[in-house]
Amino acid sequence: KAVLSDLLSIADCGQIRRLASALTSAEVASAIGIQDWDIRQLRSRSAFWQNYSEKMLMVRILVPSETMGLLRQFSDVTNTSMRRIEQLEPCTLHGKEEIFELIVIEFGDYIMVDTLRGKQSAIRCYENTSTTRSQLVEQPLSMLAVFSLHLFEQHDHVLGWQISAEAWMRTILNITPNKGTSTFIGQGKERGKYTMGVGLPSL
């Protein structure tokens, strides 16, 4: 899976970064009505996953039809090619009167589901079984399907969540950042100092 993922680029973490960049552009953010705290969420969650890009086997991104339409409309402004936009999956994703973008990331033994913005603020972790992979990776997806699957663990997006999430992934899930990581993307010069096997500095 790891070799095929590299050859076929199915684990293109850059998709997450490009989507976050497009959504936080002035034109798209204004059209969607994204607030400042949404922009911070988009940037912090996108940056966090970039630290694990080499460990990903598959990345799946689902966006609301409204978002897809705006990405097409402002593709020239955001410098996003139509080919990149068409790689995203248009989907109706609603939860408690909010609309959000969903990312599904497959690692070796686990599959992570995270939202780039919105109040569905938890990284949901599932064991990578044939059943969960079929539903999260291969089939049309809805939030109802996500919530109905047996959850292994989850991690909230509370203040300073990146530090505890890194420790959770490293110690519980045995998922470590990219090889040679010395600075955690998105954490700044001091807070982002990373030591393999030790993690990030505590708050």
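Has segment 151-161 got at least one residue that is acidic (Asp, Glu) and either modelled with pLDDT of 95 or more or farther than 18 Å from residue 50 by Cα (or both)? So that I can check it myself, show each step before the final result.
Looking only at segment 151-161, we keep the residues that are acidic (Asp, Glu), and these are 153, 156.
Within this subset, residues satisfying the condition of being either modelled with pLDDT of 95 or more or farther than 18 Å from residue 50 by Cα (or both) are 153, 156.
Checked segment 151-161: at least one residue is acidic (Asp, Glu) and either modelled with pLDDT of 95 or more or farther than 18 Å from residue 50 by Cα (or both).
Between residues in segment 180-200 that are in a loop (DSSP other than H, G, I, E, B) and of a type in the set (A, V, I, L, M) and residues that are open to solvent by less than 60 Å² (accessible area, probe 1.4 Å) and at pLDDT 90 or above, which pairs lie under 7 Å by C-beta distance while being six or more apart or on different chains?
As it stands, the answer is 185/47; 185/50; 185/51; 200/163; 200/166; 200/184; 200/194, since those pairs meet every condition given.
Restricting attention to segment 172-194, does a residue exist that is of a type in the set (D, E, K, R) and either under 19 Å from residue 112 (Cβ atoms) or within 16 Å of the chain's Cα centre (by Cα) (or both)? Explain how you work it out, then say what you get.
From segment 172-194, those of a type in the set (D, E, K, R) are 179, 189-191, 193; that's our starting set.
From the residues that got through so far, the ones that are either under 19 Å from residue 112 (Cβ atoms) or within 16 Å of the chain's Cα centre (by Cα) (or both) too are none.
Checked segment 172-194: no residue is of a type in the set (D, E, K, R) and either under 19 Å from residue 112 (Cβ atoms) or within 16 Å of the chain's Cα centre (by Cα) (or both).
Can you tell me which residue within segment 113-136, out of those that are open to solvent by less than 40 Å² (accessible area, probe 1.4 Å) and part of a helix (DSSP H, G or I), is nearest to residue 47 (Cα to Cα)?
136
Restricting attention to segment 137-166, and to residues there that are hydrophobic (A, V, I, L, M, F, W, C), exposed (fewer than 14 other Cβ atoms within 10 Å of the Cβ) and within 23 Å of residue 194 (Cβ to Cβ), which single residue is nearest to the chain's Cα centre (by Cα)? Before the answer, list the steps.
Within segment 137-166, the first condition is being hydrophobic (A, V, I, L, M, F, W, C), and the residues that meet it are 137, 141, 143-147, 149, 151-152, 158-159, 161, 163, 165.
Next, only the ones that are exposed (fewer than 14 other Cβ atoms within 10 Å of the Cβ) stay: 144-145, 147, 158-159.
Still in the running and within 23 Å of residue 194 (Cβ to Cβ): 158-159.
Details: 158: 16, 159: 18 Å.
Checking each candidate, the answer is 158.
Name the residues in segment 7-59 that are among the aromatic types (Phe, Trp, Tyr) and either in contact with a Ser or Thr (Cβ under 8 Å, 6 or more places away or on another chain) or open to solvent by less than 40 Å² (accessible area, probe 1.4 Å) (or both), would you?
Taking segment 7-59 as the starting set, the residues that turn out to be among the aromatic types (Phe, Trp, Tyr) are 37, 48-49, 52.
The answer is 48, 49, 52.
When you go through 66, 86 one by one, which is the residue that is in contact with a strand residue (DSSP E or B) (Cβ under 9 Å, 6 or more places away or on another chain) and surrounded by fewer than 17 Cβ atoms within 10 Å (Cβ to Cβ)?
On the way: 86 fails: in contact with a strand residue (DSSP E or B) (Cβ under 9 Å, 6 or more places away or on another chain).
Selected residue: 66, the only one of 66, 86 that is in contact with a strand residue (DSSP E or B) (Cβ under 9 Å, 6 or more places away or on another chain) and surrounded by fewer than 17 Cβ atoms within 10 Å (Cβ to Cβ).
The values are calculated or read from the model by the stated rules, or taken from the named source; none is laboratory data. Remember, it's a predicted structure, so these values are computed and weren't measured experimentally. Don't worry about glycine lacking a Cβ; one is built from the backbone with ideal geometry, like all the others, and counts go over all protein chains shown. Protein only, heavy atoms only, side chains kept; ligands, DNA and RNA dropped before computing areas. Shrake-Rupley method; radii C 1.70, N 1.55, O 1.52, S 1.80 Å.
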